[in-house]
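Presented below is the structure to which this report refers.
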Amino acid sequence: MNALNEPVIRAELAKIGLRWANCISWNAGVAELYQQALERGEARMSEGGALSVMTGTHTGRSPKDKFIVRNAASAGSVWWDNTAALGENQFDQIKTDMLAHARLKSLFVQDLHAGADPAHRLETRVITEFAWQALFIRNLLIVPKADFAEAPGLTILCLPSFKADPARHGTRSDVVIALDLAQRLVLIGGTHYAGEIKKSVFTVMNHILPEQGVLPMHCSANIGAMGDTAVFFGLSGTGKTTLSTDPERALIGDDEHGWSENGVFNIEGGCYAKAINLSAAAEPQIFAAAHRFGSVLENVTLDEDHRPHFDDNSITENTRVAYDMSAIPGAREDGRGTMPKTIIMLTADAFGVLPPVAKLTPAQAMEHFMAGYTAKVAGTERGVKEPQATFSACFGAPFLTRHPAEYGAMLKDLIARHNVSCYLVNTGWTGGAYGVGKRIPIDVTRKIVRAALSGVLAEGETRTDPHFGLAIPARIAGVPETMLDPARGWADAQAYDAAARRLVAMFAENARRFSGAPEAPRHAAE
């Protein structure tokens, strides 16, 4: 810590009650954070220069350990059916104990922005106890050009070595991710998984952006040479990052965006891509980013020569690489795009019954947005012997603070006013369910997506799927016609019909959860 700035820095941290830290790194750059992470034994360097870290027990998010404080700032606006509540006294006790835990620890502080549109920017201060986590969030958010002019709009204190006490703190386990909207403070403890920091920011943006007339979206986005912006909704594993990272189009962002009256803007300043089975052939830009100085590899094993093994899932299937936008050639430096022309809703259907692409009417687009469907494959969890449907409202239920009807009403209005074309794209299985059929090749999906974005599919001939009522293109250049009709790929037509009817019933059952949805507040349609 620079001695000249030490009084100012300590005064800033004292605002949240943090007064006893031993050593503080304030807005350190990439090289300094690398040095600290390596010297402190937090990480190894891969042969390509990326920083490789292991997150221990927790290799993914802990959604059941996430809480929002129930108080005047949250009681009337939070979707409590989706969110665990924490009392104000419990939060204050966690805060007190975490601050005491931080005593004599070295801390790493990063002052960053969330939101590439200055009109909807959230100044965010992240305090961690690990240098690699400071580098991670520096990659994922936007590095400001000047110091904060005033106190940040959000502060995150992340102390992985702190263990919550359920009896004392009201938590479910020793992991806690707790948000107080009144204090604009997030407390994270008990987990080293850095994705919790990133998603805490998105959770807050999901709450405050609708009040500004902005739709927050769990999506990727890119823009073509003619200024045509495309939005890709999809849950993890559906290809959201892969398909939006296209050398023929400029990447706006890979995961979180806002849609305002000025167009689309990236909430983040970097990407957090899945790294399992990453290859130079299938995903050349992401592969190159994973071998770059400044990037962070999470739970990717290295061999004795420090070469990453992207095909190794011995630690987790959820291996990741975090890198800033400069790693992607041609990415939008300003993180902004025009009004979307096309929306792609991605699903990885492991039942093998959805077509690889279908045109959606506005009503169908709303149905699939509210459903947020994908499917887990057999074998990913103990006892799972066949595909399991997963429905995540608005393609991001764990990060929603408001009722899905609010976000749905905003999307419906935006689609109608800006005449946006919508498509459902299945990146899952064809010719049978997982274990029988085969995964739709990525090169086929890219051809489909490019056809949709070019406008070729908008007026082309279609046929209506008898089970889902979807308009399926009759032909697409480079895509086998048999693949466009999923029933033709199954050896047993009756088995296909049974599987399709079963999935239709699952959609209907999920839709009943929202049959009594409250009317969206006025701001959602303005």
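The values are calculated or read from the model by the stated rules, or taken from the named source; none is laboratory data. What you see is a predicted model, and the numbers here were worked out from it, not measured in a lab. Here Cβ is always computed from backbone atoms with ideal geometry, including for glycine, and neighbour counts include all displayed protein chains. Accessible surface areas use protein heavy atoms only, side chains included; no ligands, DNA or RNA. Shrake-Rupley method; radii C 1.70, N 1.55, O 1.52, S 1.80 Å.
Points to keep in mind about this one:
- When T96 is tested against (1) modelled with pLDDT of 95 or more; (2) in a loop (DSSP other than H, G, I, E, B); (3) of a type outside the set (A, V, I, L, M), exactly one condition is not met: (2).
- Annotation note: of A493, A451, A477, the sole residue that is open to solvent by 40 Å² or more (accessible area, probe 1.4 Å) and either within 30 Å of D228 (Cα to Cα) or under 29 Å from the mean Cα position of the chain (by Cα) (or both) is A477.
- Meets criteria (open to solvent by less than 10 Å² (accessible area, probe 1.4 Å), in a loop (DSSP other than H, G, I, E, B) and either under 29 Å from E88 (Cα atoms) or among the polar types (S, T, N, Q) (or both)) for T191: yes
- Of the criteria (1) open to solvent by 10 Å² or more (accessible area, probe 1.4 Å); (2) touching a strand residue (DSSP E or B) at 6+ places or on another chain (Cβ under 7 Å), which one D254 fails: (1)
- Residue check for I16: part of a loop (DSSP other than H, G, I, E, B) and open to solvent by less than 50 Å² (accessible area, probe 1.4 Å): yes
- Of all residues in region 317-335, those satisfying the criterion of being open to solvent by less than 30 Å² (accessible area, probe 1.4 Å) and out of contact with any Gly (no Cβ under 7 Å at 6 or more places or on another chain) are T319, V321, A327, I328, A331.
- Enumeration of residues in region 217-240 that are closer than 29 Å to T316 by Cβ, open to solvent by 10 Å² or more (accessible area, probe 1.4 Å) and either part of a strand (DSSP E or B) or out of contact with any helix residue (DSSP H, G or I) (no Cβ under 7 Å at 6 or more places or on another chain) (or both): H218, S236, G237, K240
- Candidate set: region 430-446, residues that are open to solvent by 50 Å² or more (accessible area, probe 1.4 Å) and of a type in the set (A, V, I, L, M); chosen: the one nearest to the chain's Cα centre (by Cα): I442
- Any hit, region 29-50, residues being modelled with pLDDT under 95, within 26 Å of the chain's Cα centre (by Cα) and open to solvent by 40 Å² or more (accessible area, probe 1.4 Å): no
- Conditions (1) within 30 Å of N262 (Cβ to Cβ); (2) open to solvent by 60 Å² or more (accessible area, probe 1.4 Å); (3) at pLDDT below 95; (4) not hydrophobic (A, V, I, L, M, F, W, C): number failed by K341: (3)
- Residues within region 306-365 that are part of a loop (DSSP other than H, G, I, E, B) and more than 17 Å from the chain's Cα centre (by Cα), tallied: 27
- Whichever residue in region 51-71 is part of a loop (DSSP other than H, G, I, E, B) and among the β-branched types (V, I, T) and, among such residues, is modelled with the highest pLDDT: T55
- Filter pass, A416 being open to solvent by 40 Å² or more (accessible area, probe 1.4 Å) and either in contact with a helix residue (DSSP H, G or I) (Cβ under 8 Å, 6 or more places away or on another chain) or modelled with pLDDT of 95 or more (or both): yes
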